[in-house]
Amino acid sequence: MKEKTNLHLGCGRRNFGKDWIHVDGGNYEHLEYESITSLSWAKDNSVDLIYASHVFEYFDREEAINVLAEWHRVLKPGAILRIAVPDFEVL
């Protein structure tokens, strides 16, 4: 069992190692799940860190609200959500 649960959402070919759960719709060996919008496999309040780099900008406003709600559902109280986007002000 992992000490901390870290999710790398939309990871593509980037593999952060065994301490991470890699989620992406691609076809890479290190992927454990496909959907970054539905984390139905994860329990409520079970994740310590979500890292999503350059994927959030692909959601429109309504989708973004639903995605954030799903990510929030799985995050533990006080957990970290780290989102990187090319231009946050545009979003």
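The values are calculated or read from the model by the stated rules, or taken from the named source; none is laboratory data. Just so you know, these numbers come straight off a predicted model, no measurement behind them. So basically every Cβ, Gly included, is an ideal-geometry build from the backbone, and we count neighbours across all protein chains shown. To get the accessible areas, we keep the full protein, side chains included, count just its heavy atoms, and leave off ligands, DNA and RNA. Shrake-Rupley method; radii C 1.70, N 1.55, O 1.52, S 1.80 Å.
Values computed for the structure shown
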read-out	value
The one condition in (1) exposed (fewer than 15 other Cβ atoms within 10 Å of the Cβ); (2) β-branched (Val, Ile, Thr); (3) assigned to a helix (DSSP H, G or I) that Ile80 fails to fulfil	(3)
Residue in region 45-65 that is open to solvent by 50 Å² or more (accessible area, probe 1.4 Å), among the β-branched types (Val, Ile, Thr) and farther than 14 Å from Asn6 by Cα present	yes
Qualifying residues in region 25-41 (those that are in contact with a His (Cβ under 8 Å, 6 or more places away or on another chain) and either in contact (Cβ under 8 Å) with a residue 40 or more places away in the chain or part of a loop (DSSP other than H, G, I, E, B) (or both)) - the one surrounded by the most Cβ atoms within 10 Å (Cβ to Cβ)	His30
Pairs, first in a loop (DSSP other than H, G, I, E, B) and modelled with pLDDT of 95 or more in region 42-60, second of a type in the set (Phe, Trp, Tyr) and buried (at least 16 other Cβ atoms within 10 Å of the Cβ), C-beta under 9 Å, six or more apart	Ala42/Tyr33
Residues of region 66-91 satisfying the condition of being among the small types (Gly, Ala, Ser) and within 17 Å of Thr5 (Cα to Cα)	Gly78, Ala79
